[in-house]
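The structure appears right after this line, and notes come after that.
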Amino acid sequence: MTMNTDAPIHPLAAFAATLQWADVPAAVQRRAEDLWVDWFGSVLAGCRARPVASIARFALSQGPAQGPSEVIGLGASSSPLMAALANAAASHFAEQDDVHNGSVFHPAAVVFPPALAVAQSIGASGAALMAACVAGYEVGIRVGEFLGRSHYRVFHTTATAGTLAAAAAVGRLLGLTPAQMQHAFGSAGTQSAGLWEFLRTGADSKQLHTAHAAAAGLTAAYLAKDGFTGAQDIFTGAQGLAAGMSSDADPAKLIDGLGTRWATAETSFKWHASCRHTHPAADALLQVMQQHSLQPADLAEVTCHVHQGAIDVLGPVAAPATVHQSKFSMGTVLALAARHGHAGLTEFDRDYLAPETVALRERVAMVLDAEVDAAYPRRWIGKVTVQTTDGRLLHGRVDEPKGDPGNTLSRDEITAKALRLAAYGGAVQGPEAEAAVQRLWQVAQWPRVGPLLA
């Protein structure tokens, strides 16, 4: 079969197919390395979690039992497809992986796992791996922006745009031509899926979302390499992504500043171990408590002034029944932050249903704020009004939550976070994790990508 190359090549496909590491500005290269190390911590934090273990067992049962691609933290290996499936599931479990504000998209969880698995399989260099990952970030973020706010009300953008991001990263490693990349996009887009309904019962679907996106994108890229064709206009065709999944899609977002605006560098790190929609309010509450020397017992009522997206995602979680569900409860996150100064993994595990946490959770409410909503998703403003037990009315505001590009983490903080997450996951000992992280910082100099853990 001859692949049809008569259709105009979408600029996004051409960009992804031709990007070289040398094309990426030095500052963006450094940010990509930051995101890579940050992601590694999230994989280790989640690799032994119950829902992740289910997906990993499934992947390894499908075989091969040994292969060129590492299943991180489990001392196992398999095919690129199965390793990507397991590692992508692990990446999103701890709610500590990165996020791009404007697209409301978590790139690391769906880009690094398939790219790493393929790079290990084909013996790619570290620079080739990182170029592919930047291509995945740039594509996935733009697809998320293109699909818009209406898409996010029902669909988990990381799951849907994630298929395209994974296809771009793997396709770049496989050396797809622009025409082949366009076919890969078509095959990836037709597999886009992921609905928010799981939040209502605290189901395990979120791990399946990232696992499926990584595997579907990888599959699409390999098929395109073999001559398999996909929709030529998966984005704006009459029955494409915009038609089926959005009422406010903006095709211009797909090529916004392509090659000059580096969306990779706009990506934020997550400080609290919870849904990103909770972070701005948590930081604003901590600001008020620090400025006025408040204790949790001083908080009579906390009103969070939020955007509609926060209400859509967090609103269904009124009384969280699991640790993971509690990470989507604004009241729980603010209660933990108020009690401990940070809503981290151990705080959630230990205290999400503690009587003090639940009591404070019930004193937290969300209201739609016109200014915050108008700024979202480009900016995630945190605003809270605090009524104290002694009758004071206090206000807090944070324009850039900790982890945003303007309030980012240093490399020392990223290293410390990655090691903290590795220790939480328990899959590797401290010295092994420390050695791995130090190696990961040098990824662009690797002549060949091998296992991340000994």
For residues in region 300-349 being among the charged types (D, E, K, R) and open to solvent by 40 Å² or more (accessible area, probe 1.4 Å), which is farthest from LEU44 (Cα to Cα)? GLU301
Among the residues of region 386-423, what is the count of those that are in contact (Cβ under 8 Å) with a residue 40 or more places away in the chain, open to solvent by 70 Å² or more (accessible area, probe 1.4 Å) and assigned to a helix (DSSP H, G or I)? 2
From the options GLY136, GLY144, residue that is touching a Phe, Trp or Tyr at 6+ places or on another chain (Cβ under 7 Å) and open to solvent by less than 10 Å² (accessible area, probe 1.4 Å): GLY144
Confirm whether LEU223 is without any contact (Cβ under 8 Å) to a residue 60 or more places away in the chain, surrounded by 18 or more Cβ atoms within 10 Å (Cβ to Cβ) and more than 19 Å from LEU147 (Cβ to Cβ). yes
Counting only residues that are in contact with a His (Cβ under 9 Å, 6 or more places away or on another chain) and at pLDDT below 95, how many does region 60-95 have? 1
Under the condition of being in a helix (DSSP H, G or I) and open to solvent by 30 Å² or more (accessible area, probe 1.4 Å), which residue from region 52-81 is farthest from LEU174 (Cα to Cα)? SER54
I need the full set of residues from region 164-196 which are of a type in the set (A, V, I, L, M) and outside any helix (DSSP H, G or I), in order please. LEU174, LEU176, ALA193, LEU195
Is at least one residue of region 321-342 of a type in the set (Gly, Ala, Ser), at pLDDT 95 or above and part of a strand (DSSP E or B)? no
Scanning region 232-259 for residues that are over 13 Å from THR163 (Cβ atoms) and of a type in the set (A, V, I, L, M, F, W, C), the one farthest from the chain's Cα centre (by Cα) turns out to be ALA238
Can you say whether ARG363 is open to solvent by 30 Å² or more (accessible area, probe 1.4 Å) and either in contact (Cβ under 8 Å) with a residue 60 or more places away in the chain or under 20 Å from GLY425 (Cβ atoms) (or both), as far as the supplied structure shows? yes
Could you please let me know if THR201 is more than 27 Å from ALA127 (Cα to Cα), of a type outside the set (Gly, Ala, Ser) and out of contact with any helix residue (DSSP H, G or I) (no Cβ under 6 Å at 6 or more places or on another chain)? yes
Might you check whether a residue that is open to solvent by 10 Å² or more (accessible area, probe 1.4 Å) and aliphatic (A, V, I, L, M) occurs anywhere in region 155-165? no
Looking at ALA27, ALA16, ALA49, can you tell me which residue is buried (at least 23 other Cβ atoms within 10 Å of the Cβ), under 30 Å from ALA94 (Cα atoms) and not polar (S, T, N, Q)? ALA16
Go through region 367-382 and report how many residues are open to solvent by 30 Å² or more (accessible area, probe 1.4 Å) and more than 24 Å from the chain's Cα centre (by Cα). 4
Quick one: how many residues across region 429-446 are open to solvent by 30 Å² or more (accessible area, probe 1.4 Å) and either closer than 15 Å to CYS133 by Cβ or assigned to a loop (DSSP other than H, G, I, E, B) (or both)? 3
If I ask for residues that are over 11 Å from SER274 (Cβ atoms) and either surrounded by 15 or more Cβ atoms within 10 Å (Cβ to Cβ) or of a type outside the set (D, E, K, R) (or both), which ones from region 350-360 would you list? ASP351, LEU353, ALA354, PRO355, THR357, VAL358, ALA359, LEU360
THR236 passes all but one of (1) more than 19 Å from ARG142 (Cα to Cα); (2) among the hydroxyl-bearing types (Ser, Thr, Tyr); (3) assigned to a loop (DSSP other than H, G, I, E, B); which number fails? (1)
Examine region 105-117 for a residue that is assigned to a loop (DSSP other than H, G, I, E, B), at pLDDT 95 or above, touching a helix residue (DSSP H, G or I) at 6+ places or on another chain (Cβ under 8 Å) and open to solvent by 10 Å² or more (accessible area, probe 1.4 Å), and state whether such a residue exists. yes
How many residues are part of a loop (DSSP other than H, G, I, E, B) and free of Cβ contacts under 8 Å to residues at least 12 places away in the same chain when one looks only at region 290-320? 4
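The values are calculated or read from the model by the stated rules, or taken from the named source; none is laboratory data. Because the structure is predicted, anything quoted here is derived from the model rather than measured. We place every Cβ from the backbone using ideal geometry, glycine too, and count neighbours over all the protein chains shown. Areas reflect the complete protein model, heavy atoms only, side chains present, ligands, DNA and RNA absent. Shrake-Rupley method; radii C 1.70, N 1.55, O 1.52, S 1.80 Å.
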